[in-house]
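Input: a single structure, listed below in structure tokens.
The values are calculated or read from the model by the stated rules, or taken from the named source; none is laboratory data. Note that the structure is a prediction, hence the values are computed from the model and not measured. Ideal geometry is used to build each Cβ from the backbone, glycine not excepted, and the neighbour counts take in all protein chains shown.
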Amino acid sequence: MAATLAADSDLALSGAGNADASAAAPIVFVAVPWEAHEPTLRALADVLADRIVVDIVNPLQFDAQGPVGIAVAEGSAAEQAYALLPRSTVVSGFHHVSAKLLADESAGIDTDVLICGDDPDAKRQVMALADLIPGARAVDAGPLRLSRFLEGFTAVILSVNHHYRSNTGVTMTNLDLGRART
């Protein structure tokens, strides 16, 4: 897959298995289907130790009416990751950022990226990555326990996108990032 993407762009890309890719990165993004979340994290727990793990998984299912959130025993996918990865620092975010828009450099991203976590330094590092995306703005959305609302809200975004045949995002209005508490 990486070779195909690299051939179609001028990005320097390479591919690796989950364990090798995770071992090589100080910040690891978990982007797997909900059904693979727990087994993937269990298998990578040792490799993910001492790393920032950004959980972007949305526990969703789809029925005749569209997407709906799935109840997670720990509260959210991110909280499940926190429970499964005691030697990692877990942050959540990017739940509602359109993969289609991220893949299309010409489309631009006009969205806030809401980030939750309990470790201020890890959250700052992930927010700095989000701010690198042209048109995106990182927003500190609070502690990790609020991840459940971001994950569930993704069902609403998907429903809106389906209804309006679009790839919408979320923008916090009247937000002055300069007034953030430190």
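Of all residues being among the hydrophobic types (A, V, I, L, M, F, W, C) and surrounded by fewer than 18 Cβ atoms within 10 Å (Cβ to Cβ) in the stretch 76-107, which is modelled with the highest pLDDT? Just the residue, please. Before the answer, list the steps.
Step one: of the stretch 76-107, the residues among the hydrophobic types (A, V, I, L, M, F, W, C) are 77-78, 81, 83-85, 90-91, 94, 97, 99, 101-103, 107.
Then keep just the ones that are surrounded by fewer than 18 Cβ atoms within 10 Å (Cβ to Cβ); that gives 83, 99, 102-103, 107.
Values: Ala83: 98, Ala99: 81, Leu102: 78, Ala103: 79, Ala107: 69.
Once the filter is applied, the top-ranked residue is Ala83.
Applying the criterion of being buried (at least 21 other Cβ atoms within 10 Å of the Cβ) and not charged (D, E, K, R) to the residues of the stretch 142-152, the residue that is farthest from the chain's Cα centre (by Cα) is Leu144.
Can you tell me which residue in the stretch 15-46 is nearest to Glu74 (Cα to Cα), limited to those that are in contact with a Ser or Thr (Cβ under 6 Å, 6 or more places away or on another chain) and surrounded by 18 or more Cβ atoms within 10 Å (Cβ to Cβ)?
Top of the filtered list is Leu44.
Considering the stretch 61-74, the residues that are of a type in the set (Gly, Ala, Ser) and surrounded by fewer than 18 Cβ atoms within 10 Å (Cβ to Cβ) include one that is nearest to Thr154 (Cα to Cα), namely Gly66.
Which residues, taken from the stretch 1-31, are modelled with pLDDT under 90 and either of a type in the set (A, V, I, L, M) or touching a Lys or Arg at 6+ places or on another chain (Cβ under 9 Å) (or both)?
To start, the set of residues in the stretch 1-31 that are modelled with pLDDT under 90 comprises 1-16.
Met1, Ala2, Ala3, Leu5, Ala6, Ala7, Leu11, Ala12, Leu13, Ala16 - these are the residues of the stretch 1-31 that are modelled with pLDDT under 90 and either of a type in the set (A, V, I, L, M) or touching a Lys or Arg at 6+ places or on another chain (Cβ under 9 Å) (or both).
Checked against the criteria, Asp50 does not count as without any contact (Cβ under 8 Å) to a residue 12 or more places away in the chain and either out of contact with any strand residue (DSSP E or B) (no Cβ under 8 Å at 6 or more places or on another chain) or not β-branched (Val, Ile, Thr) (or both).
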